[in-house]
Amino acid sequence: MSSSDATGSGDANRGTLAALHTRHQAVLPDWLAVYYQRPIEITHGEGRHVWDAEGNRYLDFFGGILTTMTAHALPEVTKAISEQAGRILHTSTLYLDRPMVDLAERVATLSGIPDPRVFFTTSGTEANDTALLLATTYRRSNQILAMRNSYHGRSFSAVGITGNRGWSPTSLSPLQTLYVHGGVRTRGPFAGLSDGEFIKACVADLEDVLGQAHGNVAALIAEPVQGVGGFTSPPDGLFAAFREVLDRHGILWITDEVQTGWGRTGDHFWGWQAHDRSGPPDILTFAKGIGNGMSIGGVVARAEVMNCLGANSISTFGGSPITMAAGLANLTHLVEHDLQGNARRVGGLLIERLRAACAGLDTVREVRGRGLMIGIELVEPGTGDPYPEGASAVLEAAREGGLLIGKGGGHNSSVLRIAPPLSLTVAEAEEGAEILEAALKTTRSGRSVS
C-alpha cells in the first residue's frame, strides 16, 4: 500500500492548489488565518521577490509578517545554516553553545540595556511570556499595564495582555491587565490634541489607572509602533514620560520590539530609542527579523531582573546552534550593509510616494509609518468607519498585480501593512507603489473625490 493510500488521501489532484487548500482546511484549525480567496503556495524566493507554485513572481512587501528582514535566500545566511547543519543541528542549553554566546554578546551590546543578560526563545510570543514571568516574579505581582489596541502573541498569558479584541479570543488570564491610552495617535478621545497635550493626557490617564490598582504593578509592556494594530505609534517621548511615572512606583518597562527592532523604523535601531529621554527599558523582547525566517526570539534584561527566578530552567530549542548561526550571519549582514540607513532612506521615499498616490482617494484616511513600516488606513467613504472589505479587495488586487502586502488594524480601523525586507531598492519601492496605487484605485469605493 502506498503512503497516500495508507492515509486515505490518494487524490489524483493532490498536487493542485485547490487540493492543497482542501487538505489544509481538513487538518488545520479553522482560526488559522490564510490570505486571499484563492490562497497561494509560495515555493521559493530571492532578494525581495518570491514565486508561487504556479510560477507567478511577486514583489514581497510583507516579508512573511516582517520576518524576512534582509532578503530572501541571503547567501550569508544560507551558507551559515548549511555549514552548521553539516556539523550539528541541536544540543540544548545544557551544553555550552558557541553560536549562542556569540549572538548573545552582539544583541546585548546593541540593546542599550545596562549590565544585560540575554535569553533566547523560539518566537516573539515565547519571548513576551518570558518577559512577563520575569517582571511578575521580580515585582511579586500579577498586575500588568498594557496599551489599548496592542498585540503581544497568541499564548494564554500573551492573549491576556493583548488590547486588540480581534486577536484576543478569551478574557480568561493568569494576569490582571490594566489598559492605558497612547498607542493610537489619531483616534480616540485624545486624537484632537497637540502632541504635547496628547502626552500629558496619556500620562494623566496612566496616573489615574495606577490610582485604581491594588498594590504593586509589575510592569508596563508596550510596542513602540503597534504592529498588528495597524502600524500606529504615539508621539516621540510618550514612553519616556511614562517611564518617569513608572520609576516612582518601581514598575518595570518592557518594550516589545518583535516587529520594530533591528532598524526597521529607520531613524532608530530599536523603537524604544524614540523615547529614550528617561533611559533604556528594563526588559526588551525581540524575534522575527533577527532569524530571517529561522525561529529565533529572545529577551534582554538587566541582570538583577533576568536572574530573579528562583528555580532551574532550560530551553530545548531556544538558542539552538543552527538558528544562532543564521541569526549571527543575518545580523552581521544587516549592520555591515547599513540596512537601517537604507530603511530610513528608501522608506522615506516610499511613504511620500504612497501619500501622493493616495491623495484625493476618499477611502484613504491616513498614510503613516516610519522607515519600512508603513500603514495605509482605509475607511468607508463618507462615514469614516473601518473598511475591512476594502482592505481585503486591495490585498487581492495587489496580489493580482504582483505585490504581496499585509493587513491589520484594531476594532475601529482597517489598515494595509507594508513591511518589505530592509534591503529594498528605490526601483523596487517605486514598482511596489505603482502596483499599490492601481490596486487602491480599482477597488469598489476607491474613487477620487471631485
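The values are calculated or read from the model by the stated rules, or taken from the named source; none is laboratory data. Computed from a predicted model, the values in this text were never measured in an experiment. Cβ coordinates were reconstructed from backbone atoms using ideal geometry, including for glycine residues, and neighbour counts include every protein chain displayed.
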*Go through (1) hydroxyl-bearing (Ser, Thr, Tyr); (2) in contact with a helix residue (DSSP H, G or I) (Cβ under 9 Å, 6 or more places away or on another chain); (3) part of a helix (DSSP H, G or I) one by one and return the number of the condition Thr91 breaks.*
(3)
_Failed item, numbered, when Phe61 is tested on (1) over 26 Å from the mean Cα position of the chain (by Cα); (2) surrounded by 11 or more Cβ atoms within 10 Å (Cβ to Cβ)_ = (1)
*State whether the residues of the stretch 42-54 include one that is in a loop (DSSP other than H, G, I, E, B), closer than 26 Å to Gly291 by Cα and not hydrophobic (A, V, I, L, M, F, W, C).*
yes
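Filter the stretch 337-384 down to the residues that are more than 27 Å from His411 (Cβ to Cβ) and of a type in the set (A, V, I, L, M), then identify the one that is surrounded by the most Cβ atoms within 10 Å (Cβ to Cβ). If you could, list the steps in order and put the result at the bottom.
If we filter the stretch 337-384 for residues that are more than 27 Å from His411 (Cβ to Cβ), which is where we start, we get 337-350, 352-353, 356-357, 359-360.
From what is left, the residues that are of a type in the set (A, V, I, L, M) are 339, 343, 346, 349-350, 356-357, 359.
Working: Leu339: 25, Ala343: 29, Val346: 24, Leu349: 15, Leu350: 26, Ala356: 12, Ala357: 19, Ala359: 11.
Among residues in the stretch 337-384 that are more than 27 Å from His411 (Cβ to Cβ) and of a type in the set (A, V, I, L, M), the one surrounded by the most Cβ atoms within 10 Å (Cβ to Cβ) is Ala343.
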*Within the stretch 138-171, count every residue that is under 15 Å from His411 (Cβ atoms), touching a strand residue (DSSP E or B) at 6+ places or on another chain (Cβ under 8 Å) and charged (D, E, K, R).*
1
_Considering only residues that are more than 20 Å from Trp270 (Cβ to Cβ) and small (Gly, Ala, Ser), which ones fall in the stretch 110-157?_
Ser141, Ser155, Ser157
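Which one of Ala356, Ala329, Ala325, Ala343 is free of Cβ contacts under 8 Å to residues at least 40 places away in the same chain and part of a helix (DSSP H, G or I)?
On the way: Ala329 fails: free of Cβ contacts under 8 Å to residues at least 40 places away in the same chain; Ala325 fails: free of Cβ contacts under 8 Å to residues at least 40 places away in the same chain; Ala343 fails: free of Cβ contacts under 8 Å to residues at least 40 places away in the same chain.
From the options Ala356, Ala329, Ala325, Ala343, the qualifying one is Ala356.
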*Inside the stretch 401-427, can you point out the residues that are part of a helix (DSSP H, G or I) and in contact (Cβ under 8 Å) with a residue 12 or more places away in the chain?*
Val426
*Can Glu430 be described as touching a residue at least 24 places away in the same chain (Cβ under 8 Å), under 21 Å from Tyr35 (Cα atoms) and surrounded by fewer than 21 Cβ atoms within 10 Å (Cβ to Cβ)?*
no
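Among Pro281, Pro234, which is the only one that is touching a Ser or Thr at 6+ places or on another chain (Cβ under 6 Å) and either in contact (Cβ under 8 Å) with a residue 24 or more places away in the chain or at positive phi (or both)? Step through it out loud before you land on a result.
Details: Pro234 fails: touching a Ser or Thr at 6+ places or on another chain (Cβ under 6 Å).
That would be Pro281, the only listed residue that is touching a Ser or Thr at 6+ places or on another chain (Cβ under 6 Å) and either in contact (Cβ under 8 Å) with a residue 24 or more places away in the chain or at positive phi (or both).
Taking the stretch 128-183 as the search range and keeping residues that are β-branched (Val, Ile, Thr) and at pLDDT 95 or above, which one is surrounded by the most Cβ atoms within 10 Å (Cβ to Cβ)?
So the residue we want is Ile144.
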_Being within 27 Å of Leu133 (Cα to Cα) and without any contact (Cβ under 8 Å) to a residue 40 or more places away in the chain: is that true of Gly261 here?_
yes
*Just wondering, is there one or more residues in the stretch 213-220 that are touching a His at 6+ places or on another chain (Cβ under 7 Å), β-branched (Val, Ile, Thr), in contact (Cβ under 8 Å) with a residue 24 or more places away in the chain and part of a loop (DSSP other than H, G, I, E, B)?*
yes
*Taking only the stretch 221-244 into account, find how many residues are farther than 16 Å from Val367 by Cα and either among the basic types (Lys, Arg) or outside any loop (DSSP other than H, G, I, E, B) (or both).*
9
_I need a count of the residues in the stretch 134-162 that are touching a residue at least 24 places away in the same chain (Cβ under 8 Å) and assigned to a loop (DSSP other than H, G, I, E, B)._
12
_When you check Arg48 against the structure, is it under 23 Å from Phe317 (Cβ atoms) and at pLDDT 95 or above, yes or no?_
no
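Kindly evaluate Arg345 against the criterion of being among the basic types (Lys, Arg) and within 17 Å of Thr265 (Cα to Cα).
Numbers: among the basic types (Lys, Arg): yes; within 17 Å of Thr265 (Cα to Cα): yes.
Yes, satisfied.
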*Determine the pairs where a residue that is at positive phi, located within the stretch 110-132, has a partner that is in a strand (DSSP E or B) and surrounded by fewer than 22 Cβ atoms within 10 Å (Cβ to Cβ) with Cβ atoms under 7 Å apart, the partner being 6 or more residues away or on another chain.*
Asp115/Arg302
_Kindly evaluate Val335 against the criterion of being free of Cβ contacts under 8 Å to residues at least 12 places away in the same chain, under 21 Å from Leu110 (Cα atoms) and assigned to a helix (DSSP H, G or I)._
yes
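Just checking, which of Asp267, Asp247, Asp276 is among the charged types (D, E, K, R), surrounded by fewer than 24 Cβ atoms within 10 Å (Cβ to Cβ), touching a residue at least 12 places away in the same chain (Cβ under 8 Å) and not in a helix (DSSP H, G or I)? Give the steps one after another, and end with the answer.
Working: Asp247 fails: not in a helix (DSSP H, G or I); Asp276 fails: not in a helix (DSSP H, G or I).
None of the other options fit; the residue is Asp267.
Would it be correct to say that Arg48 is closer than 10 Å to Pro421 by Cα, basic (Lys, Arg) and touching a helix residue (DSSP H, G or I) at 6+ places or on another chain (Cβ under 9 Å)? Write out each step before concluding.
Working: closer than 10 Å to Pro421 by Cα: yes; basic (Lys, Arg): yes; touching a helix residue (DSSP H, G or I) at 6+ places or on another chain (Cβ under 9 Å): yes.
Yes.
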